[in-house]
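A.B. asks: I have a structure I would like to understand better, so I am pasting it below and will then ask my questions one at a time.
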Amino acid sequence: MFKQLQDFDDAKGCSMNESGSRISAPDIAGFSNEIPQVTGLTGQEADARFLRDGPNEIPEVPRHPVLQLLRKFWGLSAWMLEIIAILSFVLDKQTDFWIAVVLLFINAILGFFQEQRASSAVATLRHRLQITARVFRGGIWRLVPARELVTEDIVRLRGGDFVPADMRVIDGDLRVDQSALTGESIEITRQAGAVLYSGSIIRRGEATAIVTATGQRTYFGRTAQLVENAHPKLHVEEITARLVKWLLAIVGVLVTITLALSMAQGRPLLDVLPLSLVLLMSAVPVAFPVMFAVSTAVGTMELGRYGVLVTHLSAVEDAANMEVLCADKTGTLTMNRMTLSGVFVQPGFSEDDVIQIAAFASNPANQDQIDLAFLHEASRRDLLVSDVRTLSFVPFTPETRRTESVVNIGGHEIHAVKGALRTVAGLAGLGPEIIASLEARADEEAVKGARVLAVAQGSAGTSLQFAGLAFLRDSPRPDSCQLIEQLRSLGIRVKMLTGDGLPVAREIAHELGLGDIARAADLQAARKAGEICTADLVARSEGFAEVFPEDKFLVVKSLQSAGHVVGMTGDGVNDAPALSQAEVGIAVSGATEVAKGAASVVLTEEGLASIVELVKIGRATYQRILTWIINKVSRTIMKAGFVVIAFFITGEFVISALSMLLLTFITDFVKIALSVDHVQPSQTPESWRIGPLVKVAVILGLLMLLEVLGLLAIGMHMFDLTSNRLDTFSFLALLFFSLFSIISIRERRAFWRSRPGWVLAAALAADALIGSSIGFFGLAELDPLPSGQIAFIAAYAFTCSLVLNDMVKTFFIERLWIEPRRIR
């Protein structure tokens, strides 16, 4: 039999560290749950079984690092470098060959290490998202990581839980979803003696079960994992792929024309082919996979410091675009910690009687907030007698709308019931007039935001007697008002969704500073009238009361149909459909495993302030990625146009394949530092409708092309540029224009409005130093230039990029950039 349960959560909820320490709560004496022939394991027995059987998990098959590294030599960028190396070797250009080989290995090694770093970051986050289980060990209830479960552990299961191991039900009644395992969508019933398989989901009911198998010994051979490896198609990937296609098409046409002219002039194809390949490669985002991986890893790790765990990559970029946040009231905007605010007693009963009866009809093992509120209050008033034993307990269901138990006190059996007013009043046989008066009293409290429960009791052989009403209140979180104001300042509207009645919803909305709240029935009526009516109601209302899960889903879907990016916060099973549908599904601290599994973001700390950080970091990540895209467009136009147009004018290639190869890698990989650049997040939601900014990039690319051609003309006229010196001159011109353009394009306003991060500044300085050293000392076929010419090139590029081009950029962004559409 279960030993006496003396430690439970108080009304503030449960907490546990990762080592599985017991739940911290005040002692509540006077309860014991009768479970036949079961006592639970001691801590020593559990440790011995863990050492014998191992953790309750299926070990992942590690990918061999050598194979991962070898994959970096396979791909478009790697193929082009390999072809260039082969051609250079055939043409006996040893310097070009070795530089191509070195760059090939640098590309592979950098990509490999960044991938390993990102994988480590994801592994760390996954570890923090381990499923926990309620386990009875050593005579007390504990929250234990599911991987530490062992056979013969006693586990308490409730609606919304994942089944973390194979188990046999000891007592209780469950509705179980095994669709993830069998593909069968019909829920099944599981009662005492039935088997529960690892990976199932408890939809309804409560039960106690004993673990029969763990890890690889489970029937289906694996433990259900909360976080799956999801690889959604990201907006940024689609846009980048589209840009690359256009850039390759443009550069391909230019290269084709160049090859045709070269052949017409009688130039050997092998002399022209390496440079043509380099030009094509300049349109390929060589550094983008690394930059995106680093940017995402940095963003997710930074969010991790705020207690935000990202389980889907798309959530970071979608947070930048989020325009509306639909927030579940209970447990999200409010504390989800019920406290007793008052009692309305019936003749023959006292306040203490009502509280004691309600405590008898509560089950401490479930850690339900309503039950804990009564247990905590009864303990505070010293109403829990030491010789009480619970003989049976029937949990709350939407159908019965009550909890009830039979307890034995000193040999006398008492039937205790608590639940919805009409349900309990009907069981107690109250007449319509008395029920109406009680409902009027309940309405007075409901307007103030209280939850009203009726309480009744009876003894063996007697009918139930109505004892009174208990008023519970779930107060708003201290930071909810501040969160709503901060989100509004960021251009995001908040809509509250709750299953509570309209009076409660309006009272809470008033405290939170929200406006009009509508009923879910109004939403259903609007739905029948058509999509336009539904969208209009959703847009003008700041919340809905009396909602069911399908109503929350409908609100999210309606906002998405109107073109908005939607966030949804929640903590319960009923929130899961909406969490899954929203672009940014946020499971708050203490959410059920089903809610966490449906969400793309999980909050691990109390409070909602981290949602603001999610938005800001998401927008900062968006800004960094967008800077890279715009810079890539403008620089590709400049480089490819420079090579081809200079060839048309001079009849020769003014820059070699080696110089273009060095330039491509030096400038591409310095832009990896953009992933950690210091940026100012936008004060309004971002949008991937970046057509206007791409137009600005094309304008800047064409402007830089004209400027660098002008610099070439000046150099050929003023300086004694031999063929190899012309190569060096062109290399430095393109290099300095590329570096200074990064400084300009990283800021939508004037470049001096924000300073680059120290990593980006150091990378830019290192690139400028490396390029200047090559120009001053020479390298292979690149002859050295006088320091005066190098300084002239740098000054010319600085003036054009950070004075003229920056003014042009600011001018066109202000006139072409259209703010993302706002919700009405």
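The values are calculated or read from the model by the stated rules, or taken from the named source; none is laboratory data. Bear in mind the structure is a predicted one, so any value in this text is a computation, not a measurement. FYI the Cβ positions are ideal-geometry reconstructions off the backbone, even for glycines, and counts take in every protein chain you see. In case anyone asks, the SASA skips ligands and DNA or RNA and just uses the protein heavy atoms, side chains included. Shrake-Rupley method; radii C 1.70, N 1.55, O 1.52, S 1.80 Å.
A.B. asks: Cβ-Cβ under 9 Å, sequence separation 6+ or interchain: first residue in the stretch 463-477 and of a type outside the set (A, V, I, L, M, F, W, C), partner part of a strand (DSSP E or B) and surrounded by fewer than 20 Cβ atoms within 10 Å (Cβ to Cβ). Which pairs?
C.D. replies: Taking only residues 6 or more apart or on different chains, the pairs are Gln465/Gly458; Gly468/Phe344; Gly468/Val345; Arg473/Thr339; Arg473/Ser341; Arg473/Gly342; Asp474/Thr339; Ser475/Thr339.
A.B. asks: Every residue in the stretch 451-473 that is part of a strand (DSSP E or B) and among the polar types (S, T, N, Q), please. Steps first, please.
C.D. replies: Initially, the stretch 451-473 is screened for residues part of a strand (DSSP E or B), giving 451-459, 465-473.
The answer is Gln457, Ser459, Gln465.
A.B. asks: Right, something else. Which of the residues belonging to the stretch 515-551 are open to solvent by less than 20 Å² (accessible area, probe 1.4 Å), closer than 23 Å to Arg451 by Cα and part of a loop (DSSP other than H, G, I, E, B)? Let's see the steps before the verdict.
C.D. replies: We begin by selecting, within the stretch 515-551, every residue open to solvent by less than 20 Å² (accessible area, probe 1.4 Å); these are 517-518, 520, 523, 526, 534, 537-539, 541, 543-545, 547, 551.
Of the ones still in play, those that are also closer than 23 Å to Arg451 by Cα are 517-518, 520, 543-545, 547, 551.
Residues satisfying the conditions are Ile517, Val547.
A.B. asks: Is it the case that some residue within the stretch 772-792 is in a helix (DSSP H, G or I), open to solvent by less than 40 Å² (accessible area, probe 1.4 Å) and under 23 Å from Trp628 (Cα atoms)?
C.D. replies: Filtering the stretch 772-792 down to residues in a helix (DSSP H, G or I) leaves 772-777, 787-792.
Filter once more, keeping what is open to solvent by less than 40 Å² (accessible area, probe 1.4 Å): 772, 774-775, 789-790.
Now drop any that are not under 23 Å from Trp628 (Cα atoms), which leaves none.
No: the stretch 772-792 contains no residue that is in a helix (DSSP H, G or I), open to solvent by less than 40 Å² (accessible area, probe 1.4 Å) and under 23 Å from Trp628 (Cα atoms).
A.B. asks: Looking at (1) open to solvent by 20 Å² or more (accessible area, probe 1.4 Å); (2) assigned to a helix (DSSP H, G or I), which is the one condition that is false for Lys809?
C.D. replies: (1)
A.B. asks: Taking the conditions exactly as written (among the acidic types (Asp, Glu), modelled with pLDDT under 85, farther than 15 Å from Phe344 by Cβ and under 43 Å from the mean Cα position of the chain (by Cα)), does Asp387 satisfy them or not?
C.D. replies: Numbers: among the acidic types (Asp, Glu): yes; modelled with pLDDT under 85: yes; farther than 15 Å from Phe344 by Cβ: yes; under 43 Å from the mean Cα position of the chain (by Cα): no.
So Asp387 fails the test.
A.B. asks: Do any residues in the stretch 761-784 that are free of Cβ contacts under 8 Å to residues at least 60 places away in the same chain and farther than 13 Å from Leu726 by Cα have Cβ atoms under 7 Å from those of residues that are open to solvent by 20 Å² or more (accessible area, probe 1.4 Å) and not in a helix (DSSP H, G or I), where the two are at least six apart or on different chains, and which pairs are they?
C.D. replies: Phe776/Pro784; Phe777/Pro784
A.B. asks: Run down Ala576, Ala620, Ala591 and say which single residue is part of a loop (DSSP other than H, G, I, E, B) and open to solvent by less than 30 Å² (accessible area, probe 1.4 Å).
C.D. replies: Working: Ala576 fails: part of a loop (DSSP other than H, G, I, E, B); Ala620 fails: part of a loop (DSSP other than H, G, I, E, B).
Going through Ala576, Ala620, Ala591 in turn, just one is part of a loop (DSSP other than H, G, I, E, B) and open to solvent by less than 30 Å² (accessible area, probe 1.4 Å): Ala591.
A.B. asks: Determine if the stretch 668-688 includes at least one residue that is farther than 22 Å from Arg753 by Cα, surrounded by fewer than 22 Cβ atoms within 10 Å (Cβ to Cβ) and aliphatic (A, V, I, L, M).
C.D. replies: No, the stretch 668-688 contains no residue that is farther than 22 Å from Arg753 by Cα, surrounded by fewer than 22 Cβ atoms within 10 Å (Cβ to Cβ) and aliphatic (A, V, I, L, M).
A.B. asks: Now for a different question. Among the numbered conditions (1) at pLDDT below 90; (2) more than 23 Å from Ala673 (Cα to Cα); (3) open to solvent by 50 Å² or more (accessible area, probe 1.4 Å), tell me where Val803 comes up short.
C.D. replies: With respect to (1) at pLDDT below 90; (2) more than 23 Å from Ala673 (Cα to Cα); (3) open to solvent by 50 Å² or more (accessible area, probe 1.4 Å), Val803 is out only on (1).
A.B. asks: Let me ask something else about it. Among the residues of the stretch 480-497, is any under 30 Å from Ile409 (Cα atoms), assigned to a helix (DSSP H, G or I), open to solvent by less than 20 Å² (accessible area, probe 1.4 Å) and small (Gly, Ala, Ser)? Break it down stepwise before answering.
C.D. replies: Filtering the stretch 480-497 down to residues under 30 Å from Ile409 (Cα atoms) leaves none.
Taking every residue of the stretch 480-497 in turn, none turns out to be under 30 Å from Ile409 (Cα atoms), assigned to a helix (DSSP H, G or I), open to solvent by less than 20 Å² (accessible area, probe 1.4 Å) and small (Gly, Ala, Ser).
A.B. asks: Right, next: Within the stretch 412-428, how many residues turn out to be outside any strand (DSSP E or B) and open to solvent by less than 60 Å² (accessible area, probe 1.4 Å)? If you could, list the steps in order and put the result at the bottom.
C.D. replies: So in the stretch 412-428, the residues outside any strand (DSSP E or B) come out as 420-428.
Those still in the list that are open to solvent by less than 60 Å² (accessible area, probe 1.4 Å) too: 420-421, 423-426, 428.
The qualifying residues number 7.
A.B. asks: Any idea which of (1) among the aliphatic types (A, V, I, L, M); (2) open to solvent by 20 Å² or more (accessible area, probe 1.4 Å); (3) out of contact with any strand residue (DSSP E or B) (no Cβ under 9 Å at 6 or more places or on another chain) is the one Val452 doesn't satisfy?
C.D. replies: Every condition holds for Val452 apart from (3).
A.B. asks: Return only the number of the condition from (1) modelled with pLDDT under 75; (2) more than 29 Å from Thr39 (Cβ to Cβ); (3) open to solvent by 80 Å² or more (accessible area, probe 1.4 Å) that Tyr219 does not satisfy.
C.D. replies: Here Tyr219 meets the rest and fails (2).
A.B. asks: Going residue by residue through the stretch 122-145, is there one that turns out to be modelled with pLDDT of 80 or more, farther than 19 Å from Val66 by Cβ, more than 20 Å from the chain's Cα centre (by Cα) and part of a helix (DSSP H, G or I)?
C.D. replies: No, the conditions are met nowhere in the stretch 122-145.
A.B. asks: Can you give me the number of residues within the stretch 498-514 that are open to solvent by less than 50 Å² (accessible area, probe 1.4 Å) and either touching a Ser or Thr at 6+ places or on another chain (Cβ under 8 Å) or of a type in the set (A, V, I, L, M) (or both)? First the steps, then the outcome.
C.D. replies: The initial filter retains those residues of the stretch 498-514 that are open to solvent by less than 50 Å² (accessible area, probe 1.4 Å), namely 498, 500-502, 504-505, 508-509, 512-514.
So of that shortlist, the ones also either touching a Ser or Thr at 6+ places or on another chain (Cβ under 8 Å) or of a type in the set (A, V, I, L, M) (or both) come out as 498, 500, 502, 504-505, 508-509, 512, 514.
Number of matching residues: 9.
A.B. asks: Here is a follow-up. Can you tell me how many residues in the stretch 146-156 are more than 16 Å from Pro55 (Cα to Cα) and assigned to a loop (DSSP other than H, G, I, E, B)?
C.D. replies: 0
A.B. asks: Kindly list the number of the only condition in (1) in a loop (DSSP other than H, G, I, E, B); (2) surrounded by fewer than 19 Cβ atoms within 10 Å (Cβ to Cβ); (3) more than 40 Å from the chain's Cα centre (by Cα) that fails for Val654.
C.D. replies: Against the list (1) in a loop (DSSP other than H, G, I, E, B); (2) surrounded by fewer than 19 Cβ atoms within 10 Å (Cβ to Cβ); (3) more than 40 Å from the chain's Cα centre (by Cα), Val654 comes up short only on (2).
A.B. asks: Please indicate, with yes or no, whether at least one residue in the stretch 466-475 is closer than 15 Å to Gly543 by Cα and either among the acidic types (Asp, Glu) or in contact with a helix residue (DSSP H, G or I) (Cβ under 7 Å, 6 or more places away or on another chain) (or both).
C.D. replies: To start, the set of residues in the stretch 466-475 that are closer than 15 Å to Gly543 by Cα comprises none.
No, there is no match, as no residue in the stretch 466-475 is closer than 15 Å to Gly543 by Cα and either among the acidic types (Asp, Glu) or in contact with a helix residue (DSSP H, G or I) (Cβ under 7 Å, 6 or more places away or on another chain) (or both).
A.B. asks: Does the stretch 306-345 hold any residues that are in a loop (DSSP other than H, G, I, E, B) and either touching a Lys or Arg at 6+ places or on another chain (Cβ under 9 Å) or within 30 Å of Asp371 (Cβ to Cβ) (or both), and which are they?
C.D. replies: Within the stretch 306-345, Gly307, Thr311, Glu323, Met335, Asn336, Arg337, Met338 qualify.
A.B. asks: More than 14 Å from Ala646 (Cα to Cα) and open to solvent by less than 20 Å² (accessible area, probe 1.4 Å): which single residue out of Leu711, Leu735 fits that description? Spell out how you get there, then give the answer.
C.D. replies: Numbers: Leu711 fails: more than 14 Å from Ala646 (Cα to Cα).
Among Leu711, Leu735, only Leu735 is more than 14 Å from Ala646 (Cα to Cα) and open to solvent by less than 20 Å² (accessible area, probe 1.4 Å).
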